[in-house]
1. With charges only on Cβ, +1 for K and R and -1 for D and E, what is the dipole size of the stretch 6-267 about its Cα centre, in debye, rounded to 20?
2. Tell me, what is the per residue accessible area of the stretch 1-88 in Å², probe radius 1.4 Å?
3. So for the stretch 1-145, Kirkwood radius off the Cα pairs, Stokes-Einstein at 37 °C and 0.692 mPa s: how many µm² s⁻¹?
4. Which value in nm describes the separation of the simple spin-label points at residue 254 and residue 200, placed 7 Å from the Cα toward the beta carbon?
5. Can you sort 158, 14 by solvent-accessible area, 1.4 Å probe, largest first?
6. In nm, what is the difference between 0.36 nm times the number of residues separating residue 172 and residue 239 and their Cα-Cα distance?
7. When the chain is treated as a GNM, springs tying every alpha-carbon pair under 10 Å, which of 229, 248, 215 comes out with the largest mean-square fluctuation?
8. Taking a spot 7 Å from the Cα of residue 207 along the direction of its beta carbon, which residues of the stretch 15-30 have an amide N less than 18 Å from it?
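The values are calculated or read from the model by the stated rules, or taken from the named source; none is laboratory data. The shown structure was predicted, so the numbers you read here are calculated from the model rather than taken from an experiment. Cβ: placed from backbone, ideal geometry, glycine included. Neighbour counts: every protein chain shown. Areas reflect the complete protein model, heavy atoms only, side chains present, ligands, DNA and RNA absent. Shrake-Rupley method; radii C 1.70, N 1.55, O 1.52, S 1.80 Å.
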Amino acid sequence: MTTPKKALTIAGIDCSGGAGVLADIKTFQERDVYGLCANTVQVAMEPVTWGHLIHPLDIEVVREQFRTAMAIGVDAVKTGMLPAASSIREVGRMLKESGQKNIVIDPVMVCKGANVPVFPENTTAMIEALMSIATVTTPNTFEASQLAGMDELKSEEDMMEAAKRIHDYGAQNVIIKAARIFGDKAVDMLYDGKDFTWIREPRLETKWTHGAGCSFSACVTAELAKGNSVAQAFQTAHLYLRAALEESFPFNEVTGPVYHHALAKRLHGE
Ligand code: PXL
């Protein structure tokens with residue numbers, strides 16, 4: 001009998017399957033980790049504008065799902081889209097009380113192409129309730145600047161400064177993904193409170209990046225669930241995403257998701 005490691009995602013369901021819970025569960029599966037979810041919001045897309053229609057679930061429903069997951073037992077947890085400061089705080093409280101190890105916080109603030117306003121109170125709640133319990137947090141440069149209280153990040157020095165500030169909130173490891181700010185290169189950086197690790201690559205030109213952030217943090221979560229180190233999880237998540245982006249595909253002219261099976265297909269020679 002194979003008993004797989006298990007990971008829980010506390011996030012929103014994007015019905016297109018590109019981002020959120022579905023991206024997380026696909027990633028867990030690709031990395032041989034059994035996936036569970038606690039759904040926080042249901043997201044549908046406006047078929048013409050592709051604007052996001054976001055329907056938050058009652059926090060009590062989230063609590064019930066979390067209780068189920070804790071009764072089963074999981075090896076790692078990640079958080080994604082949380083609809084309001086109150087739910088951010090409640091999820092932080094539940095996670096803290098549970099004593100759960102391996103907590104990955106993806107501080108989702110905006111969906112690409114969507115007009116979701118950035119609520120300052122959500123950022124404050126993220127800092128107070130989630131950064132303090134994060135084994136790893138995985139902001140993009142926009143989210144990192146918001147969390148760190150800095151202007152737009154423009155350089156590797158800015159990334160280092162933001163990571164130090166976020167680490168000071170209590171996040172043990174900070175991974176900042178800079179996919180856009182450098183034009184020709186994509187840079188991922190891990191700060192563990194002592195050292196910086198950099199992965200620099202030529203930037204991949206693709207419009208089909210829906211779910212990239214969710215999938216990256218889900219891969220980190222899956223690797224931690226299997227007992228791998230944060231440094232290893234960082235490298236694997238980078239490889240997973242690079243392959244998934246190289247084979248991403250369009251839904252229409254506006255948007256398209258990453259292809260989850262890309263890395264496994266290469267490794268297995270399919
Ligand atoms: O990519 C951010 C994100 C996270 N979670 C859900 C989403 C999105 C973007 O569309 O829909 C549920």
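1. Result for the stretch 6-267 is approximately 520 debye, rounded to the nearest 20.
2. That works out to 45 Å² for each residue.
3. This corresponds to a translational diffusion coefficient of 212 µm²/s.
4. Distance between label points: 3.7 nm.
5. Largest accessible area first, the list is 158, 14.
6. Here the segment from residue 172 to residue 239 would lengthen by 21.9 nm.
7. So, out of 229, 248, 215, the one fluctuating most is 229.
8. Those under the cut-off are 18.
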